[in-house]
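The values are calculated or read from the model by the stated rules, or taken from the named source; none is laboratory data. Note that the structure is predicted; figures quoted are calculated from it, not measured. FYI the Cβ positions are ideal-geometry reconstructions off the backbone, even for glycines, and counts take in every protein chain you see. In case anyone asks, the SASA skips ligands and DNA or RNA and just uses the protein heavy atoms, side chains included. Shrake-Rupley method; radii C 1.70, N 1.55, O 1.52, S 1.80 Å.
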There are 2 protein chains.
Amino acid sequence: MKKPLSSPPNTEVIQEISKIFKIISDPTRLSILFLLQYKELSVKNIAASLDMEQSAISHQLQTLKKSRLVKSKREGKSMLYSLDDSHVFSVLEQVLNHIKESEH
Amino acid sequence: MKKPLSSPPNTEVIQEISKIFKIISDPTRLSILFLLQYKELSVKNIAASLDMEQSAISHQLQTLKKSRLVKSKREGKSMLYSLDDSHVFSVLEQVLNHIKESEH
DNA sequence: TTTACATATGAATATATAATCATATGAATG
DNA sequence: CATTCATATGATTATATATTCATATGTAAA
């Protein structure tokens with residue numbers, strides 16, 4: 001048994017939570033986050049891994065960057081992206097467990 | 001230190017996770033879930049609490065029901081909705097902690 | 001300093017979906 | 001059984017956003 005959350009969040013908190021979920025509710029962004037779990041990768045590398053266009057990946061990386069979920073550093077001609085917020089993965093773990101538990 | 005997830009999820013799992021996040025990334029749906037955390041409520045009651053139209057709430061409740069996040073039972077003229085999946089709240093807790101931790 | 005390579009970005013397009021409106025369905029009550 | 005109350009639902013509208021296209025920016029190498 002889990003104890004319930006202390007009190008219903010107000011509108012602003014609801015909006016914040018919504019934003020976080022919205023960011024990681026897109027399959028492309030979610031895939032990028034999983035790819036970056038172990039090592040930093042270039043835009044080209046990510047695009048190749050997901051079999052998507054460079055531009056699409058770059059756009060999504062900007063979205064993730066704005067949300068502080070990834071960070072980037074230049075290496076020669078490439079930009080290397082890496083996770084900026086590993087805590088997000090504890091959330092993802094919860095959801096994975098949730099999926100497992102619902103497979104009965 | 002958390003140990004990483006065992007392996008990158010495949011496309012189908014990514015899609016599943018995305019769907020879950022998408023469901024709870026809408027402010028209205030999220031608010032409904034929080035409202036239902038302690039007690040079951042009628043559609044009218046929820047609509048009044050959120051100051052929204054009955055129809056909008058009803059539509060969102062159907063979405064939540066499809067996703068097995070809420071269940072309903074009839075009581076007279078009313079329909080009482082309640083949480084069907086309390087496990088989702090462990091995910092929400094994680095996100096709340098996440099927000100708290102990022103307020104430094 | 002051209003040229004090639006890697007990435008970023010603005011505009012346009014396509015698609016998804018939240019809310020609204022009008023109305024249907026269903027239950028209780030006179 | 002007509003009326004009222006509560007909810008559901010299909011269609012429409014409005015809006016958000018993911019992707020694509022064309023092109024700009026930035027870096028290294030010939």
GNM flexibility winner over chain A from A:V70, A:V91, A:V13 (Cα, springs under 10 Å): A:V13
Can you tell me, using C-alpha contacts under 8 Å and at least 6 residues apart, the relative contact order of chain B as a whole percent? 23
In square nanometres and to one decimal, what's the mean projected area of the convex hull around the Cα atoms of segment B:3-98? 7.3
Give A:K65/B:K22; A:K22/A:K66; A:K22/B:K19 a once-over and call out the pairs whose C-alpha atoms are over 18 Å from each other. A:K65/B:K22
Exposed-site-free run, longest, chain A (rule: trypsin sites (Lys or Arg not before Pro); DSSP loop; at most 14 other C-beta within 10 Å): A:3-38
On average, how many beta carbons from a partner chain sit within 10 Å of the beta carbon of a residue in B:21-33? 5
Once Rh is set to the Kirkwood radius over Cα pairs, what Stokes-Einstein translational diffusion coefficient, in µm²/s, holds for the protein assembly as shown at a temperature of 20 °C and a viscosity of 1.002 mPa s? 116
Express in whole angstrom the spacing between the alpha-carbon centres of segment B:15-90 and segment A:30-104. 30
Name the residue, out of A:S49, A:S18, A:S67, whose mean-square fluctuation peaks in a Gaussian network model built on chain A with Cα pairs under 10 Å. A:S18
Placing a label point 7 Å from Cα toward Cβ, how far apart in nm is B:K77 from its equivalents in the other copies, listed shortest first to one decimal? 7.2
Taking chain A as a Gaussian network, where each spring joins two C-alpha atoms under 10 Å apart, which residue of A:E12, A:E75, A:E93 fluctuates the most? A:E12
Placing unit charges on C-beta atoms (Lys and Arg positive, Asp and Glu negative, everything else neutral), compute the dipole magnitude of the protein assembly as shown about its Cα centre in debye, rounded to 20. 0
Accessible area per residue, 1.4 Å probe, Å², for segment B:12-102: what's the number? 54
For chains B and A, what's the summed buried accessible area, probe 1.4 Å, to the nearest 100 square angstrom? 3800
If you roll a 1.4 angstrom probe over the protein chains with everything in place, what fraction of the accessible area of chain A belongs to carbon and sulfur, to the nearest %? 50
Kindly give the distances from A:A56 to its copy-mates, label point to label point, with each label point 7 Å from Cα along Cα→Cβ, as nm values to one decimal ordered shortest first. 3.3
